[in-house]
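Here's the structure we're looking at; comments come further down.
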Amino acid sequence: MKKMIAFFVVIFLVLTFNCWAQFSGQLSTAKTVKEGGLLGGGYFGVYEDAFSIFGQMRYGFMADFDGGIKLGLLNLDPGGGFGESKTGIILAGDAKYQLLKREAKDPVDCSFGLGMEYLSISDYSIFSFGGNLIGSYDFVLESKKVITPYGRLNLRAQRAEVTIAGLEGDTDFKVAFCLGTEIQLTPELSMIAELQIDDNVGIIGGVSYNIF
């Protein structure tokens, strides 16, 4: 009986995660971190039956090119008699290059990048890899603070694996969107809120700080 219950719990997780998406979001505008600069941040995400908390570090490798890594935890609570909540690890990384710059008289800031994300939770794991197209536009307030709406189009391949006998993983092609806003509180500190529109919807928020 316990094996049957475990089997249906894993089936539920597979169906759930197959319709879910990446969890770490974009959390940056189209602009890149300045060359030699370092940005850090802390964030949380709220999704259907799940909650995540994670951090980010981004480094400017050269002019118009930066890369970042995100690491955190995700707690899944299926509910409905499908077992107790489970906690997994999120690891994500990306790099982006800024193609268009408003300071160079382009209409918007625009970047293209590549990114990956790995989630491991109980008997289930997801690995995804793909491309991102990011656009943003700065609005400067009278107080000289900056509000920057941004959006991301994400195209990726996603592989799900199940580590239980009798079940096989599968690979899907996914399309997703992120819509967010960065609000500059000080020259170093910004607040970010983001709506993730994928097979499932998530809300991510937090703060970013320019360390140097």
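Among the residues of the stretch 50-68, the ones that are of a type in the set (D, E, K, R) and either surrounded by fewer than 19 Cβ atoms within 10 Å (Cβ to Cβ) or without any contact (Cβ under 8 Å) to a residue 12 or more places away in the chain (or both) come to 1 in all. The number of residues in the stretch 19-49 that are surrounded by 21 or more Cβ atoms within 10 Å (Cβ to Cβ), over 12 Å from the mean Cα position of the chain (by Cα) and within 19 Å of residue 172 (Cβ to Cβ) comes to 1.
Taking first residues from the stretch 94-110 that are crowded, with 18+ Cβ neighbours inside 10 Å and partners that are polar (S, T, N, Q) and part of a strand (DSSP E or B), the Cβ contacts under 7 Å between residues at least 6 apart in sequence or on separate chains come to 94/132; 96/111; 96/132; 98/111; 109/98; 109/136. The residue that is modelled with the lowest pLDDT, among those in the stretch 146-187 that are closer than 23 Å to residue 114 by Cβ and of a type in the set (Ser, Thr, Tyr), is 171. Within the stretch 188-202, the set of residues being modelled with pLDDT of 95 or more and among the hydrophobic types (A, V, I, L, M, F, W, C) comprises 189, 191, 192, 193, 195. Of the residues making up the stretch 159-199, those that are in contact (Cβ under 8 Å) with a residue 60 or more places away in the chain and over 23 Å from residue 55 (Cβ atoms) are 160, 162, 164, 166, 167, 170, 172, 174, 199.
Return yes or no: is residue 22 modelled with pLDDT under 95 and among the polar types (S, T, N, Q)? For residue 22, the condition - modelled with pLDDT under 95 and among the polar types (S, T, N, Q) - is met. Given the options 120, 125, name the one that is in a strand (DSSP E or B), at pLDDT below 95 and buried (at least 18 other Cβ atoms within 10 Å of the Cβ). On inspection, the qualifying residue turns out to be 125. Just one of the numbered conditions (1) touching a residue at least 40 places away in the same chain (Cβ under 8 Å); (2) closer than 25 Å to residue 73 by Cβ; (3) touching a Ser or Thr at 6+ places or on another chain (Cβ under 9 Å) is not true of residue 125: (1).
Taken together, 171, 148 contain a single residue that is part of a strand (DSSP E or B) and surrounded by fewer than 16 Cβ atoms within 10 Å (Cβ to Cβ), which is 171.
The values are calculated or read from the model by the stated rules, or taken from the named source; none is laboratory data. Note that the structure is predicted; figures quoted are calculated from it, not measured. Positions of Cβ are backbone-derived with ideal geometry, glycine not excepted, and every protein chain shown enters the neighbour counts.
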